[in-house]
Amino acid sequence: GYPRRALRLHGAAAAIAERHGGDVPDDHAKLLALPGVGEYTASAVASFAYGQRHPVLDTNVRRVFARAVTGVQYPPNATTAAERKLARALLPEDEATAAGWAAATMELGALVCTARSPACGRCPIAARCAWLAAGSPAHDGPARRGQTYAGTDRQVRGKLLAVLREAVGPVEQAVLDGVWDEPVQRARALDGLVADGLVEPLADGAYP
């Protein structure tokens, strides 16, 4: 969840300070080498911050390409090699144009070619959209994964952190046991917080 992202951001910032003198590197490979930085983040930074030519594939961009080029309503649940190949093929050759293209396709997906209510009537590429030309067929692939939260380990972690954050002193294990009824999931979530360095148990078994 968000606390883990904060830890990764801190790790990346520390690495930037140590390895690059406090300057965010402009080299894609060096960006990828930073803790917690994956292909999407490295490409986005290289493209948006430094104007370089890299395909930036987020959910919105993948949806635009799926509809406009492939002719289907939604992309696969997970990014595929075929999508990456298509993104590279569509990317303009000129670096500055490619960087603008990356930002434009992202905005198009976020504001016009939305997941539930695409505004095809004001889409600048409607005349070239394969999905629209096919009559906007409904999705017939695997069920799309929803971003569930209730009942997940992420929710349990958040509840545990909320109790620890609001406490004025060490929190006993018995108090944390009352946060979530399912003991195995609760223990797993607490162990994850300890492993991530977000919580450090005291010698007496309480948590600060």
Item to complete: Sort through LEU176, LEU198 and tell me the only one that's open to solvent by less than 70 Å² (accessible area, probe 1.4 Å) and closer than 21 Å to LEU7 by Cα.
Response: LEU198
Discussion item. Please determine whether any residue of the range 3-12 is open to solvent by less than 40 Å² (accessible area, probe 1.4 Å), out of contact with any Phe, Trp or Tyr (no Cβ under 7 Å at 6 or more places or on another chain) and closer than 30 Å to GLY192 by Cβ.
Written reply: yes
Practice prompt. Could you pull out the residue among ARG5, ARG53 that is in contact with a Gly (Cβ under 9 Å, 6 or more places away or on another chain) and of a type outside the set (Asp, Glu)?
Written response: ARG5
Discussion item. I'm checking my understanding of the structure. Among residues of the range 13-54 that are in contact with a helix residue (DSSP H, G or I) (Cβ under 9 Å, 6 or more places away or on another chain) and among the charged types (D, E, K, R), which one is most open to solvent (accessible area, probe 1.4 Å)?
Written reply: ARG19
Worksheet item: Which condition number in (1) buried (at least 20 other Cβ atoms within 10 Å of the Cβ); (2) touching a residue at least 60 places away in the same chain (Cβ under 8 Å); (3) touching a helix residue (DSSP H, G or I) at 6+ places or on another chain (Cβ under 7 Å) is the one that LEU132 fails?
Response: (1)
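Restricting attention to the range 149-208, report how many residues are part of a loop (DSSP other than H, G, I, E, B) and either touching a residue at least 40 places away in the same chain (Cβ under 8 Å) or at positive phi (or both).
Keep residues of the range 149-208 that are part of a loop (DSSP other than H, G, I, E, B), which gives 149-152, 167-170, 172, 178-182, 196-206, 208.
In the following step, the residues that additionally are either touching a residue at least 40 places away in the same chain (Cβ under 8 Å) or at positive phi (or both) were identified as 151, 196-198, 205, 208.
Going through the range 149-208 one residue at a time, the tally reaches 6.
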Discussion item. Let me confirm something: among GLY51, GLY100, which residue is closer than 30 Å to ALA13 by Cα, touching an Asp or Glu at 6+ places or on another chain (Cβ under 8 Å) and modelled with pLDDT of 95 or more?
Written reply: GLY51
Worksheet item: Of the numbered conditions (1) open to solvent by 90 Å² or more (accessible area, probe 1.4 Å); (2) modelled with pLDDT of 90 or more; (3) among the hydroxyl-bearing types (Ser, Thr, Tyr), TYR149 satisfies every one except a single condition; which is it?
Response: (2)
Practice prompt. Considering each of ALA138, ALA134 in turn, give the residue that is more than 29 Å from GLY51 (Cβ to Cβ), among the aliphatic types (A, V, I, L, M) and modelled with pLDDT of 95 or more.
Written response: ALA134
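The values are calculated or read from the model by the stated rules, or taken from the named source; none is laboratory data. Here the structure is a predicted model, which means the values were calculated and not measured. All Cβ positions, glycine included, derive from the backbone under ideal geometry; neighbour counts span all protein chains shown. Accessible surface areas use protein heavy atoms only, side chains included; no ligands, DNA or RNA. Shrake-Rupley method; radii C 1.70, N 1.55, O 1.52, S 1.80 Å.
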